[in-house]
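What follows is a short report on a single structure.
The values are calculated or read from the model by the stated rules, or taken from the named source; none is laboratory data. All of these numbers come straight from a predicted model, not from anything done at the bench. All Cβ positions, glycine included, derive from the backbone under ideal geometry; neighbour counts span all protein chains shown. In case anyone asks, the SASA skips ligands and DNA or RNA and just uses the protein heavy atoms, side chains included. Shrake-Rupley method; radii C 1.70, N 1.55, O 1.52, S 1.80 Å.
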Amino acid sequence: MRIAVAGGTGRIGRLVVAELERTGQEAVSLSRGEGVDLLTGVGLRQRLEGADAVIDATNPPVADIAEAEHAFATITRNLLTAETEAGVGHHVALSIAALDAVAGNPHYYGKRAQEREVTAGTVPFTIMRATQFHDFPAMIAEWTVVDGEAIVPPLLMQPIAPADVAAALVATAVGTPLSGSFDIAGPRTEDAVDMARRTLAVRGRDLPLRAAWRDAALGVEFAGEVLIPGPDARLAPTSFDDWLAAGAR
Ligand SMILES: NC(=O)c1ccc[n+]([C@@H]2O[C@H](COP(=O)([O-])OP(=O)(O)OC[C@H]3O[C@@H](n4cnc5c(N)ncnc54)[C@H](OP(=O)(O)O)[C@@H]3O)[C@@H](O)[C@H]2O)c1
C-alpha cells in the first residue's frame, strides 16, 4: 500500500515512516521541511496521488487555544479535502487518550477540534487515542527550567513506547476503517517525576528536578487518575523499564 504520513519528519512520524518501510509499504512524508504546508495546502495534492491511506501525526506549533483549534482543524480539513480528490480510502488520526477529560490545555482544545473535523468528514477514518509516550516526562522537564531546576508535575500516567505507537498506527492504516476511535496505552501505570529522572540519567543529562504543580508546564487539570485510560484500552507490549534498558530513544 502507498501511505502518506502527515508530519512524517516528527517524533512519531519518523518512526511511522520507518515502520511502513519495514513492513513493505510505500511511505510518503508530508511536512513543511519537505515542501508541504498543511495549513495552506501548498504541495499537498500532488503528494497524495495514488495514496491508499493517510496517517496524521502532525503537531503544529501553537501559542493559545484559538490558534490550536484553528491549526488542527485547518490541517485536518485540508488533508480531508485533498484525500477526497485523490480517492484516499482511510484517514488515521493520532489523538490523545482521555482527551475529553482534560480542560484548560490549548493542545487538548486543538486535538478535540481535529477529532471533530475527522468525525464530520466523508473520508472513512479511525482515530487512535494514545496515552503519553515514554519520553513525555523528560520532554516536559526541559520545557520549564527555573534557576537551573526543572519543574515536573507529578502526573500519574500509563505511558506507551513511541515505536509501539508507530506500529499500531501502521497496523490501523492497513486495516478496515473503524469510523470511530480506540484507546491504546502501555502495560502499566508510572509516575512522571520518576520517569523524567530515570530518562535523563540514562541519557547522561545532568538536570536537577523538582516535583511541583505550581509553575509546571501542565496544571492540576492533569492530576489524579484523569490520564489513565479505561478498561477497554488496547495494551502495547513495551514497558517503560524495557524502553529505558534499550537506551531511552
Ligand atoms: N507526546 C505525547 O506523549 C503524545 C501522546 C499522544 C498523542 N500525541 C500526539 O502525537 C502527535 C505527534 O506528536 P510529535 O511529538 O511526534 O510531533 P513533532 O515531533 O512535533 O512533529 C510534528 C510534525 O508535524 C509537522 N508539521 C507541523 N506543522 C506543519 C504544517 N503546517 N504542515 C506540514 N507539516 C507540519 C512537522 O514538520 P515541519 O515542522 O517540517 O512542518 C513534524 O513533521 C501530536 O498531534 C500529539 O497530539 C502525543
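Residue by residue, here is whether (1) more than 16 Å from the ligand (Cβ to nearest atom); (2) open to solvent by 10 Å² or more (accessible area, probe 1.4 Å); (3) under 15 Å from the mean Cα position of the chain (by Cα); (4) farther than 28 Å from residue 40 by Cβ holds:
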site	(1), (2), (3), (4)
83	no, no, no, no
100	no, yes, no, yes
124	yes, yes, no, no
141	no, no, no, yes
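Against the numbered list (1) surrounded by 16 or more Cβ atoms within 10 Å (Cβ to Cβ); (2) closer than 12 Å to residue 154 by Cβ, residue 187 comes up short only at (2).
Scanning the range 127-143 for residues that are of a type in the set (A, V, I, L, M) and touching a residue at least 24 places away in the same chain (Cβ under 8 Å) yields 127, 128, 130, 138, 140, 141.
Residue check: is residue 116 away from the ligand (no atom under 13 Å from the Cβ), basic (Lys, Arg) and in a helix (DSSP H, G or I)?
Working: away from the ligand (no atom under 13 Å from the Cβ): yes; basic (Lys, Arg): yes; in a helix (DSSP H, G or I): yes.
Yes, satisfied.
Could you say whether any residue in the range 73-84 is within 21 Å of residue 18 (Cβ to Cβ) and at pLDDT 95 or above? Within the range 73-84, none of the residues are within 21 Å of residue 18 (Cβ to Cβ) and at pLDDT 95 or above. Which number in (1) within 12 Å of the ligand (Cβ to nearest atom); (2) surrounded by fewer than 18 Cβ atoms within 10 Å (Cβ to Cβ) marks the one condition that residue 46 misses? Among (1) within 12 Å of the ligand (Cβ to nearest atom); (2) surrounded by fewer than 18 Cβ atoms within 10 Å (Cβ to Cβ), residue 46 violates only (1). Scanning the range 156-175 for residues that are in contact (Cβ under 8 Å) with a residue 40 or more places away in the chain and open to solvent by 40 Å² or more (accessible area, probe 1.4 Å) turns up 156, 163, 174. Among the candidates 163, 51, the residue that is part of a helix (DSSP H, G or I), of a type outside the set (Phe, Trp, Tyr) and at pLDDT 95 or above is uniquely 163. Within the range 19-43, restricting attention to residues that are over 17 Å from residue 78 (Cβ atoms) and in contact with an Asp or Glu (Cβ under 8 Å, 6 or more places away or on another chain), which residue is farthest from the ligand (Cβ to nearest atom)? Residue satisfying both the conditions and the ranking: 20. Of the residues 56, 64, the single one that is open to solvent by less than 20 Å² (accessible area, probe 1.4 Å), in contact with a helix residue (DSSP H, G or I) (Cβ under 8 Å, 6 or more places away or on another chain) and either more than 9 Å from the ligand (Cβ to nearest atom) or of a type outside the set (A, V, I, L, M, F, W, C) (or both) is 56.
So for the range 8-16 (the condition being open to solvent by 10 Å² or more (accessible area, probe 1.4 Å) and without any contact (Cβ under 8 Å) to a residue 24 or more places away in the chain), does at least one residue qualify? Yes, there is a match, as at least one residue in the range 8-16 is open to solvent by 10 Å² or more (accessible area, probe 1.4 Å) and without any contact (Cβ under 8 Å) to a residue 24 or more places away in the chain. Whether a residue is open to solvent by 10 Å² or more (accessible area, probe 1.4 Å), in contact (Cβ under 8 Å) with a residue 12 or more places away in the chain and among the aromatic types (Phe, Trp, Tyr) was assessed, and residue 72 does not pass this test.
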